[in-house]
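Since the structure comes first, as structure tokens, the remarks are kept for the end.
The values are calculated or read from the model by the stated rules, or taken from the named source; none is laboratory data. Predicted model, so just to flag it, every value in this text is computed and none were measured. Cβ: placed from backbone, ideal geometry, glycine included. Neighbour counts: every protein chain shown.
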Amino acid sequence: MKGFLPTSSGIVLLCLLLFLTMVLKGNGYGRNKGPNEFTRLIIELDQNGLVNVNAQAALDHIGESGIYTSLESNPVSFSCADVGDQVAIITASRSDGSSIDFSVDVTVIDQIPPELVVNEFSLVLDTDGKGTLNWWDVVDTTCDSAGENCTKDNCSITYLLSRSEFICSDVGVNSVDVTATDAGGNSVTKSINITIIDNKPPSLVLKNATVGLNRLGGYTMHLQSLSVRENLAVRI
């Protein structure tokens, strides 16, 4: 029995299939899928609000184990503005001068909460008996020479006061919560005392009046004879 001898057309077809297989593998297709192929690579911002992309770690994450002469990531790093889901393109170069691009899904996170320093504050009511408290009245953003003892974070901060508007009935000490939240959603809250002050005396205006004495030689003055202006309730 004679052995099987492939025809010339069969040899050409076999070579074509082998070539296509090599091309597809070289472009990331047909390679073995890693355990994290369809999960996101988590990378965390540092104290400066930055994180560099480790290209080798990114390829390891998706299970790519090829041997390459160099690896480059685009972008090279992420910042506070990138918190959330992003994509890093890893360009892997071969010794023959060719290269392959791998797309890696990453999630940039910030787990460093703000450092919040607050100071007690005295708020003086205006002529209408009202006062508005602002976050910059109570949040200390001035650091010492060592960059400490102040409110700071590796990302931007927004502030929220549990209460900002005050009126005459609030004169005295009031407790207010101050919350600082950064770009990563980390927050910290502190309570402080706000002293509400009314330092504006009443304005008393007198007017002349001609009166007649009663049969006992006396006269009773009525409040209508006085005009008083004040931002709080006045008792005469």
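Which of the following residues is aliphatic (A, V, I, L, M) and touching a Leu at 6+ places or on another chain (Cβ under 7 Å): ILE167, ILE194?
After ruling out the rest, the residue left standing is ILE194.
Among the residues of the range 100-147, what is the count of those that are part of a strand (DSSP E or B) and either under 17 Å from the mean Cα position of the chain (by Cα) or of a type in the set (Val, Ile, Thr) (or both)?
Residues flagged as part of a strand (DSSP E or B) and either under 17 Å from the mean Cα position of the chain (by Cα) or of a type in the set (Val, Ile, Thr) (or both) within the range 100-147 amount to 11.
Give VAL51, VAL87, VAL108 a once-over and let me know the one that is in contact with a strand residue (DSSP E or B) (Cβ under 9 Å, 6 or more places away or on another chain), more than 30 Å from SER164 (Cα to Cα), of a type in the set (A, V, I, L, M) and free of Cβ contacts under 8 Å to residues at least 40 places away in the same chain.
After applying the criteria, what remains is VAL87.
Would you please name the residue that is surrounded by the fewest Cβ atoms within 10 Å (Cβ to Cβ), looking only at residues in the range 81-137 that are touching a Lys or Arg at 6+ places or on another chain (Cβ under 8 Å) and of a type in the set (Val, Ile, Thr)?
The selected residue is THR127.
Quick one: is SER79 assigned by TED's automatic domain parsing to the domain that holds LEU45 and farther than 21 Å from SER187 by Cα?
No.
Please go through the range 125-163 and give me each residue that is small (Gly, Ala, Ser) and touching a Gly at 6+ places or on another chain (Cβ under 9 Å), ordered by number.
If the condition is that a residue be small (Gly, Ala, Ser) and touching a Gly at 6+ places or on another chain (Cβ under 9 Å), then SER156 is the only one that fits.
Which one of these does LEU160 not meet: (1) part of a strand (DSSP E or B); (2) farther than 30 Å from SER79 by Cα?
(2)
Taking the options ILE236, ILE167, ILE192, ILE196, name whichever one is over 30 Å from CYS150 (Cβ atoms) and modelled with pLDDT of 75 or more.
Every option except ILE167 fails the conditions.
With the requirement that a residue be modelled with pLDDT of 95 or more, in a loop (DSSP other than H, G, I, E, B) and touching a Ser or Thr at 6+ places or on another chain (Cβ under 7 Å), what does the range 170-185 give you?
Once the filter is applied, which keeps residues that are modelled with pLDDT of 95 or more, in a loop (DSSP other than H, G, I, E, B) and touching a Ser or Thr at 6+ places or on another chain (Cβ under 7 Å), the range 170-185 yields nothing.
Taking THR210 as the residue in question, decide whether it is exposed (fewer than 11 other Cβ atoms within 10 Å of the Cβ), at pLDDT 75 or above, of a type in the set (Val, Ile, Thr) and more than 30 Å from LEU161 (Cβ to Cβ).
Yes; evaluated as a whole, the condition is true for this residue.
In the range 54-70, how many are in contact with a Ser or Thr (Cβ under 7 Å, 6 or more places away or on another chain) and either free of Cβ contacts under 8 Å to residues at least 24 places away in the same chain or exposed (fewer than 13 other Cβ atoms within 10 Å of the Cβ) (or both)?
So the count comes out to 2.
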